[in-house]
1. Quick one: the Cα spread of segment 1-100 along its three principal axes, in angstroms, biggest first?
2. Using R₀ = 25 Å, calculate the FRET efficiency as 1/(1 + (r/R₀)^6) where r is the Cβ-Cβ separation of Arg385 and Leu168; round to 0.05.
3. Checking a compactness column here: for the chain, what do you get for Rg(Cα) / (2.2 N^0.38 Å), N being the number of residues?
4. Which cross-chain or sequence-distant (5 or more) residues have an amide H under 5 Å from the amide H of Asp405, H modelled 1.01 Å from N in plane?
5. Suppose the chain between Gln267 and Asn113 were pulled fully straight at 0.36 nm per residue; how much longer would it get relative to their current alpha carbon spacing?
6. Can you give me the long-range amide H partners of Leu107? Hydrogens built in the peptide plane at 1.01 Å from N, cutoff under 5 Å, separation of 5 or more residues or another chain.
7. With a Förster radius of 41 Å, plug the Cβ-Cβ distance of Leu399 and Ser177 into 1/(1 + (r/R0)^6) and report the FRET value to the nearest 0.05.
8. Which cross-chain or sequence-distant (5 or more) residues have an amide H under 5 Å from the amide H of His128, H modelled 1.01 Å from N in plane?
Amino acid sequence: MPQDTPILIVGAGQAGAMAAAELRRLGHRGRIVMAGGERHAPYERPPLSKSVLADAAQDGKIGVHPAGFYAGQEIELRLGTTVTALDPAHSVAHCADGEAIRYAACLLATGGNARVLPTLPPGTPRVHYLRTLDDAARLRDAMQRAREVIVIGGGFLGLETASTAAGLGLRVTLIESADRLLGRALPPELGSWLAQRVLAQGVELRLGCGIAALVPQADGVQVRLADGAALQAPLVVVAIGLTPEVALGAAAGLALDPANGGIQVDQQGRTSAAGIYAAGDCCSQYQPRLGAHMRLESWQSANEQARIAAAAMLGVQTEPAAMPWFWTDQFGCNVQMLGAATPDTRYAWRGIAASDAPCPRFMLLGTRHGRLSHAIAINAGGDLRPLRALFGHAVEDLLPRLCDDAMPLRQLVRDLPTAAASPTTL
Ligand SMILES: Cc1cc2nc3c(=O)[nH]c(=O)nc-3n(C[C@H](O)[C@H](O)[C@H](O)COP(=O)(O)OP(=O)(O)OC[C@H]3O[C@@H](n4cnc5c(N)ncnc54)[C@H](O)[C@@H]3O)c2cc1C
């Protein structure tokens, strides 16, 4: 390959921007081309359902890197450029504008798209999906004019959107087909606590509600529920999950994970095609701590996978991925989670707070086969730090002390011989 053949990053989002920066940090002097379908420089998505939805002044403050970073680092940022096909045999990517980009290595960081309800496709008047900054700006404008909103979906995104809307004074109805909130991510007891809190904040919550029909109308959407009830609102937000954007990889013959649809990658981010890597929401990566491939939709995971893939592209050794960490802000709760939830994880509470407390503060400690494997902190994120040392360790005998919220965790963990020993897998 000619010496100036670039590393190509497809997707100018969280993972793409972090990978480009890491390539430079690791000393790569060659060309880096980053092609992004959106017209915005890479930005952080977590604020879209939180501060950005409430305040237009935030739009310019969410860049992954400061303005001028890409030019300063000689990263060729091609915004509004969609890559339409990959030819792994010839190491060429074809763009919608007709350009063909030859690459030395390619990172797919294409993220995903909001899952769509077929009866309410994007573009249906008064129906909103939330994935991009443009989506958030449209929804914000609509919320400023509306008094009422129906949110379909009781996952993280639906709850955050409902929380922001309620904070802006809208009457909010949240519909979830499962009989609890965040069923896959939170233990049932915490899901119930959260449901109580959501109700206490004035949101009408419809759990276990199948939707029989969605009928777009001139002045909004009518939602007919399976139990016979009919709701109507001038504004509907559909937040029912994400479909990984894998079209390029699939058409190029890359292996996909049948369990979750993501582009399958190993621990280094390598796909099944030589010279092609993937990172972020679009990929399903082998998680050594859990012994399984997983598609993690999170800011931290996108950053970690980007860091590791960048090192692999340069053939540089790097630290393994950090333990999964995720946060969400909703209804006055900053919820942080460390580790991973599995169906066989058992939880114990450290502290408890009334669901209508102004600032509830407590934790749930999850063990799997007696070992600490998951911790959920509600307005207590600082307590996760000392706990890290105990992850993977047998803690059943310690649980009564760990769950006594009168005992400062930092001091308790420091005095434990267990914490000094090397941790095992989750
Ligand atoms: C509203 C919202 C709130 C969130 N809140 C949290 C949170 O509180 N905590 C948390 O941990 N995570 C949160 N997340 C998740 C987190 O933001 C994502 O996991 C992260 O952005 C994934 O990064 P990514 O680079 O994989 O994908 P993205 O950031 O989506 O970037 C992918 C980019 O690739 C582009 N692209 C796709 N295909 C092509 C192509 N063929 N050619 C060129 N460009 C292409 C897309 O246009 C997009 O710009 C939130 C996400 C959203 C949407």
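What follows is calculated from the coordinates using simple rules that are stated; it is not laboratory data. A quick note: this is a predicted structure, and the numbers were derived from the prediction, not measured. Glycine also receives a Cβ, built like all others from the backbone with ideal geometry; neighbour counts cover every protein chain displayed.
1. Ordered largest first, segment 1-100 gives principal extents of 48, 30, 17 Å.
2. On the way: r = 33 Å, r/R0 = 1.33.
Step by step, r from the Cβ atoms, then E = 0.15.
3. On the way: Rg = 22.6 Å, N = 426, 2.2 N^0.38 = 22.0 Å.
Normalised by 2.2 N^0.38 Å, the Cα Rg of the chain equals 1.03.
4. Gly351
5. Working: separation 154, 0.36 × 154 = 55.44 nm, distance 2.42 nm.
Taking Gln267 through Asn113 to full extension adds about 53.0 nm, to one decimal.
6. For Leu107, the qualifying residues are Leu8, Ile9, Val10, Tyr277.
7. Details: r = 34 Å, r/R0 = 0.84.
Calculated transfer efficiency: 0.75.
8. Val236, Val237, Val238
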